[in-house]
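Undergrad: Here it is: the structure, laid out below.
The values are calculated or read from the model by the stated rules, or taken from the named source; none is laboratory data. Just so it is clear, the structure is predicted and the values come from calculations on it, not from any experiment. Every residue, glycine as well, gets a Cβ built from its backbone with ideal geometry; the counts of neighbours run over all protein chains shown.
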Amino acid sequence: MTVIPQESAPPSPPGGLEWIRKNLFSTWYNSLLTIAGGTLVYFTLINIITWIFKTADWRPITVAPLLYLIGQYPREELWRVGISMLMISFLVGMSWGVWKRYVRSFAIFLGILFTVLAVFPLETPTITLPIRIFVLINPFLIYFGYRVGRTKRVLGRHVATLWLVALLVIPLVILPGFDNSSLLPKVPTTVWGGLMITLLLSVGGIVLSFPFGILLALGRRSSLPMVKLFSIFFIETVRAVPLVTILFMFSVLLALFLPTEARIDRVIRALMGIVFFSAAYTAENVRGGLQAIPPGQVEAAKAVGLKNFHTTVLIVLPQALRLVIPNIVGQFISLFKDTTLVYIVGINDLLGIGNAVLNLNSEFVRLQMEVYLFIAIIFWIFSYFMSYASLQLEKALGVGER
Amino acid sequence: MSEQNKDDKPIIIARDVHKWFDNFQALKGVSMEVQSGEVVVIFGPSGSGKSTFIRTLNRLEEHQRGTIIIDGIELSHDVRNIERVRREIGMVFQQFNLFPHLTVLQNITLAPIWVRKWSKEKAEEIAMQLLERVGIPEQANKFPGQLSGGQQQRVAIARALAMQPKIMLFDEPTSALDPEMIKEVLDVMVELAKSGMTMVVVTHEMGFARAVAHRMYFFDVGMIVESGTPDQIFKNPQGDRTKLFLSQILEH
């Protein structure tokens with residue numbers, strides 16, 4: 001038998017100048033297009049840069065940056081927001097230590113965000129040095145949490161419990177406070193606003209609608225007729241109605257029909273609307289994943305004697321959820337952006353604050369471009385990060401590998 | 001071999017089992033008794049109901065008429081009885097059906113931990129013994145997708161054995177395998193048969209049947225057409241259908 005000698009691999013694609021010559025200036029009309037396109041890009045960039053640094057008037061943002069972050073939350077109670085931030089930073093750090101690569105990109109993103117915020121060159125009297133220092137503690141706390149989380153004594157379930165406590169205590173105790181408390185005086189939700197509300201509504205919406213949606217998806221495939229009927233009715237009704245309508249129903253009708261003693265806070269009413277809306281879509285996404293699981297998986301689980309509950313929780317759901325991460329994250333991104341609709345029911349989220357600032361005085365009215373661009377960038381940063389994190393999560397979980 | 005168990009009660013009793021899929025009748029009155037320690041091979045053309053029949057034995061399919069009694073427990077709508085029976089029966093599928101999101105070791109320890117309530121340590125110790133037995137202890141921490149078909153099927157056998165079942169069902173365990181991997185799976189099955197496990201095997205591997213089967217059943221159109229010892233079936237088949245089928249599968 002003759003042995004065929006190894007051939008050398010074909011040359012790798014050229015780089016640098018060679019690449020430019022081959023791709024941009026290969027023919028006379030290609031060169032022409034490159035020059036024309038380059039000129040266009042150049043002048044556009046020049047215009048954008050001049051606009052940002054010369055023409056644009058950033059006063060609507062610089063005059064009250066805190067407004068965009070926390071709305072009218074009393075400045076003397078600012079420390080409560082700060083403490084909440086520190087708690088979250090520490091927990092994110094611990095999660096990074098315990099769950100490693102699943103959380104890593106999020107933790108690093110948050111750390112960078114805080115650092116940038118802390119040192120951002122913005123001359124404004126409202127952002128004092130103590131506030132900057134306070135913000136700068138966060139990245140260090142993330143790292144400290146990471147070191148703590150890496151130790152052997154800290155387990156996933158400890159961190160999960162702490163998260164649960166924090167997610168309940170922050171929006172229900174620390175931020176709102178109590179009626180007759182001197183340490184935590186009452187701060188009504190009417191003065192909450194800005195990014196704080198946007199994040200509260202979207203994180204609350206995501207965290208609450210996710211399990212609700214999973215239950216609905218399972219319910220829709222249930223063999224119990226009543227459960228199945230309810231799930232289908234709920235999902236199809238909610239999906240047939242726009243979010244604005246649902247928000248409106250929850251904030252107006254709920255207040256109208258419930259006795260005055262049973263008044264539910266308006267932010268919670270809005271959150272309920274968002275959760276209902278999101279749960280219906282989550283349910284359909286999850287159902288897609290459930291359908292993709294081959295029946296052999298359930299048969300194998302039954303054959304080894306697992307009960308239905310264990311089969312669902314240990315075999316079917318982990319595989320189904322992993323399959324639908326891209327869809328679910330996509331849906332959460334739209335949910336995040338959809339929270340701006342609460343402006344309709346009089347809640348001052350990030351966009352609401354922007355509109356309020358624009359109406360603050362006659363000088364600002366014409367500065368819509370600056371304000372909306374600023375808000376758009378904030379939304380872009382968070383949304384882009386979410387889709388990036390979802391890609392990381394998919395890689396870590398090995399979606400597509402079976 | 002079955003003689004020594006003759007006065008014992010059979011561990012599997014199926015009497016006049018009928019099964020319909022909508023209007024299609026898949027089983028038309030199948031009766032079979034299997035003694036403890038017996039190895040039974042079921043063969044027949046596709047669509048003859050052989051897979052459906054062994055799937056009724058652990059109630060992956062529900063039979064609509066007739067009686068099935070496993071180790072003294074009758075299969076009915078009683079969920080607790082079904083669970084008890086499934087704990088006594090291990091099953092190996094044509095498509096392996098390993099859990100792709102769990103490692104080999106987790107695949108094997110899952111049921112012992114959640115159903116038998118064993119400690120993780122005990123379950124893992126026994127899982128490792130079983131992996132030794134099927135010859136792939138070094139694959140314990142890999143995922144099913146990283147293994148060859150033959151290795152996956154051996155993991156599936158180990159997974160079924162981990163529950164320490166009294167009966168093992170094999171539903172065409174080698175049909176989805178590349179030819180060079182069939183032997184490694186059959187070797188494990190032969191070893192299992194020789195250890196005294198009660199086995200009901202749907203297969204066309206006639207070499208396996210000849211080597212270890214005590215009885216063979218030929219299924220066609222939802223019925224048992226012919227049964228007997230391997231000797232009787234191979235040397236002196238009675239029915240024309242049996243003869244034709246055997247000549248077709250033994251030709252190659």
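Undergrad: Can you name every residue in the range A:352-365 that is among the β-branched types (Val, Ile, Thr) and either part of a loop (DSSP other than H, G, I, E, B) or closer than 12 Å to A:Val63 by Cβ (or both)? It would help to see each step written out before you state the result.
TA: As a first pass, look at the range A:352-365 and keep what is among the β-branched types (Val, Ile, Thr): A:353, A:357, A:365.
Answer for the range A:352-365, where residues must be among the β-branched types (Val, Ile, Thr) and either part of a loop (DSSP other than H, G, I, E, B) or closer than 12 Å to A:Val63 by Cβ (or both): just A:Val357.
Undergrad: Shifting gears a bit: Condition first: of a type in the set (Gly, Ala, Ser) and within 14 Å of chain B (Cβ to nearest Cβ). Can you find one or more residues in the range A:328-340 that meet it?
TA: Step one: of the range A:328-340, the residues of a type in the set (Gly, Ala, Ser) are A:330, A:334.
From the residues that got through so far, the ones that are within 14 Å of chain B (Cβ to nearest Cβ) too are none.
No, the range A:328-340 contains no residue that is of a type in the set (Gly, Ala, Ser) and within 14 Å of chain B (Cβ to nearest Cβ).
Undergrad: Among the listed residues A:Lys302, A:Lys337, identify the single one that is among the charged types (D, E, K, R), under 30 Å from B:Leu60 (Cα atoms) and modelled with pLDDT of 90 or more.
TA: Answer to the selection: A:Lys302.
Undergrad: Is it the case that B:Leu130 is part of a loop (DSSP other than H, G, I, E, B), modelled with pLDDT of 95 or more and either surrounded by 21 or more Cβ atoms within 10 Å (Cβ to Cβ) or more than 9 Å from every other protein chain (Cβ to nearest Cβ) (or both)?
TA: Values: part of a loop (DSSP other than H, G, I, E, B): no; modelled with pLDDT of 95 or more: yes; either surrounded by 21 or more Cβ atoms within 10 Å (Cβ to Cβ) or more than 9 Å from every other protein chain (Cβ to nearest Cβ) (or both): yes.
Here the answer is no, as B:Leu130 does not meet what is asked.
Undergrad: Sticking with this structure for a sec: Can you tell me which of A:Leu290, A:Leu314, A:Leu323 is facing chain B (nearest Cβ under 7 Å), over 30 Å from A:Thr189 (Cα atoms) and touching a residue at least 12 places away in the same chain (Cβ under 8 Å)? First the steps, then the outcome.
TA: Working: A:Leu290 fails: facing chain B (nearest Cβ under 7 Å); A:Leu323 fails: facing chain B (nearest Cβ under 7 Å).
That would be A:Leu314, the only listed residue that is facing chain B (nearest Cβ under 7 Å), over 30 Å from A:Thr189 (Cα atoms) and touching a residue at least 12 places away in the same chain (Cβ under 8 Å).
Undergrad: Give the residue, chosen from A:Thr161, A:Thr190, that is among the β-branched types (Val, Ile, Thr), within 30 Å of A:Asn308 (Cβ to Cβ) and out of contact with any helix residue (DSSP H, G or I) (no Cβ under 6 Å at 6 or more places or on another chain). Break it down into steps so the answer makes sense when it comes.
TA: Working: A:Thr190 fails: within 30 Å of A:Asn308 (Cβ to Cβ).
The match here is A:Thr161.
Undergrad: Moving on to the next point. Just checking, how many residues over the range A:170-212 are without any contact (Cβ under 8 Å) to a residue 12 or more places away in the chain and over 27 Å from A:Asn355 (Cβ atoms)?
TA: Counting residues in the range A:170-212 that are without any contact (Cβ under 8 Å) to a residue 12 or more places away in the chain and over 27 Å from A:Asn355 (Cβ atoms) gives 9.
Undergrad: May I pose another question? Given (1) surrounded by fewer than 17 Cβ atoms within 10 Å (Cβ to Cβ); (2) more than 24 Å from the chain's Cα centre (by Cα), identify the lone condition not met by A:Ile83.
TA: Every condition holds for A:Ile83 apart from (2).
Undergrad: Just to check your reading of the model, which residue among B:Gly66, B:Gly29 is closer than 23 Å to B:Thr229 by Cα, out of contact with any Pro (no Cβ under 8 Å at 6 or more places or on another chain) and more than 14 Å from chain A (Cβ to nearest Cβ)?
TA: B:Gly29
Undergrad: Got a sec? Which of A:Leu215, A:Leu224, A:Leu199, A:Leu229 is surrounded by fewer than 20 Cβ atoms within 10 Å (Cβ to Cβ), under 24 Å from A:Tyr343 (Cα atoms), at pLDDT 90 or above and out of contact with any Ser or Thr (no Cβ under 7 Å at 6 or more places or on another chain)?
TA: Answer to the selection: A:Leu199.
Undergrad: Spot the failing condition for B:Thr174; the list is (1) in contact with a strand residue (DSSP E or B) (Cβ under 8 Å, 6 or more places away or on another chain); (2) closer than 30 Å to B:Phe24 by Cα; (3) β-branched (Val, Ile, Thr), and only one is missed.
TA: Unmet for B:Thr174, out of (1) in contact with a strand residue (DSSP E or B) (Cβ under 8 Å, 6 or more places away or on another chain); (2) closer than 30 Å to B:Phe24 by Cα; (3) β-branched (Val, Ile, Thr): (1).
Undergrad: Given the conditions (1) out of contact with any strand residue (DSSP E or B) (no Cβ under 9 Å at 6 or more places or on another chain); (2) at pLDDT below 95; (3) not in a loop (DSSP other than H, G, I, E, B), report the number of the one that A:Ile264 does not fulfil.
TA: Only one criterion is unmet by A:Ile264, namely (3).
Undergrad: Given the structure, is A:Gln368 assigned to a helix (DSSP H, G or I), among the polar types (S, T, N, Q) and surrounded by 15 or more Cβ atoms within 10 Å (Cβ to Cβ)? Can you show your working first?
TA: Values: assigned to a helix (DSSP H, G or I): yes; among the polar types (S, T, N, Q): yes; surrounded by 15 or more Cβ atoms within 10 Å (Cβ to Cβ): no.
Criteria not met by A:Gln368.
Undergrad: May I ask you to verify whether B:Glu124 is modelled with pLDDT of 95 or more, under 26 Å from A:Asn308 (Cβ atoms) and either of a type in the set (D, E, K, R) or touching a His at 6+ places or on another chain (Cβ under 7 Å) (or both)?
TA: Details: modelled with pLDDT of 95 or more: yes; under 26 Å from A:Asn308 (Cβ atoms): yes; either of a type in the set (D, E, K, R) or touching a His at 6+ places or on another chain (Cβ under 7 Å) (or both): yes.
The answer is yes for B:Glu124.
Undergrad: Just for the range B:197-215: of the residues that are of a type in the set (A, V, I, L, M, F, W, C) and in contact with a Lys or Arg (Cβ under 9 Å, 6 or more places away or on another chain), which one is farthest from B:Ser46 (Cα to Cα)?
TA: First pass over the range B:197-215, keeping only residues of a type in the set (A, V, I, L, M, F, W, C): B:197, B:199-202, B:206, B:208-209, B:211-213.
Checking which are in contact with a Lys or Arg (Cβ under 9 Å, 6 or more places away or on another chain) leaves us with B:197, B:202, B:212.
Details: B:Met197: 27, B:Val202: 11, B:Val212: 23 Å.
Residue satisfying both the conditions and the ranking: B:Met197.
Undergrad: Could you please give the count of residues in the range B:66-80 that are loosely packed, with under 14 Cβ neighbours inside 10 Å and in contact with a Lys or Arg (Cβ under 8 Å, 6 or more places away or on another chain)?
TA: Just the residues of the range B:66-80 that are loosely packed, with under 14 Cβ neighbours inside 10 Å, to begin with: B:72, B:74, B:76-80.
Still in the running and in contact with a Lys or Arg (Cβ under 8 Å, 6 or more places away or on another chain): B:72.
Total meeting the criteria: 1.
Undergrad: Among A:Val159, A:Val154, which is the only one that is of a type outside the set (Phe, Trp, Tyr) and at pLDDT 90 or above?
TA: Values: A:Val154 fails: at pLDDT 90 or above.
Checking each option against the conditions leaves just A:Val159.
Undergrad: How many residues are within 14 Å of another protein chain (Cβ to nearest Cβ) and surrounded by fewer than 24 Cβ atoms within 10 Å (Cβ to Cβ) when one looks only at the range B:140-154?
TA: The first filter runs over the range B:140-154 and keeps only residues within 14 Å of another protein chain (Cβ to nearest Cβ), leaving B:142-147, B:149, B:152-153.
Applying the additional criterion that residues be surrounded by fewer than 24 Cβ atoms within 10 Å (Cβ to Cβ) yields B:142-147, B:149.
Here the count works out to 7.
Undergrad: Pairs, please: C-beta under 8 Å, at least 6 apart or cross-chain, first residue facing another protein chain (nearest Cβ under 7 Å) and assigned to a loop (DSSP other than H, G, I, E, B) and in the range A:295-311, second of a type in the set (Lys, Arg) and surrounded by fewer than 20 Cβ atoms within 10 Å (Cβ to Cβ)?
TA: A:Gly305/B:Arg87
Undergrad: Would you be able to say whether some residue in the range B:214-226 is modelled with pLDDT under 95 and hydroxyl-bearing (Ser, Thr, Tyr)?
TA: no
Undergrad: Anything in the range B:98-118 that is more than 7 Å from every other protein chain (Cβ to nearest Cβ), part of a loop (DSSP other than H, G, I, E, B) and touching a Pro at 6+ places or on another chain (Cβ under 9 Å)? List them, or say none.
TA: Just the residues of the range B:98-118 that are more than 7 Å from every other protein chain (Cβ to nearest Cβ), to begin with: B:98, B:102-109, B:112-113, B:116-118.
Next, only the ones that are part of a loop (DSSP other than H, G, I, E, B) stay: B:98, B:102-103, B:116-118.
Selection gives B:Leu98, B:Leu102, B:Thr103, B:Trp118.
Undergrad: Another question about this same structure. Test each condition in (1) touching a strand residue (DSSP E or B) at 6+ places or on another chain (Cβ under 7 Å); (2) within 12 Å of chain A (Cβ to nearest Cβ) for B:Gln95 and report the one that comes out false.
TA: Against the list (1) touching a strand residue (DSSP E or B) at 6+ places or on another chain (Cβ under 7 Å); (2) within 12 Å of chain A (Cβ to nearest Cβ), B:Gln95 comes up short only on (1).
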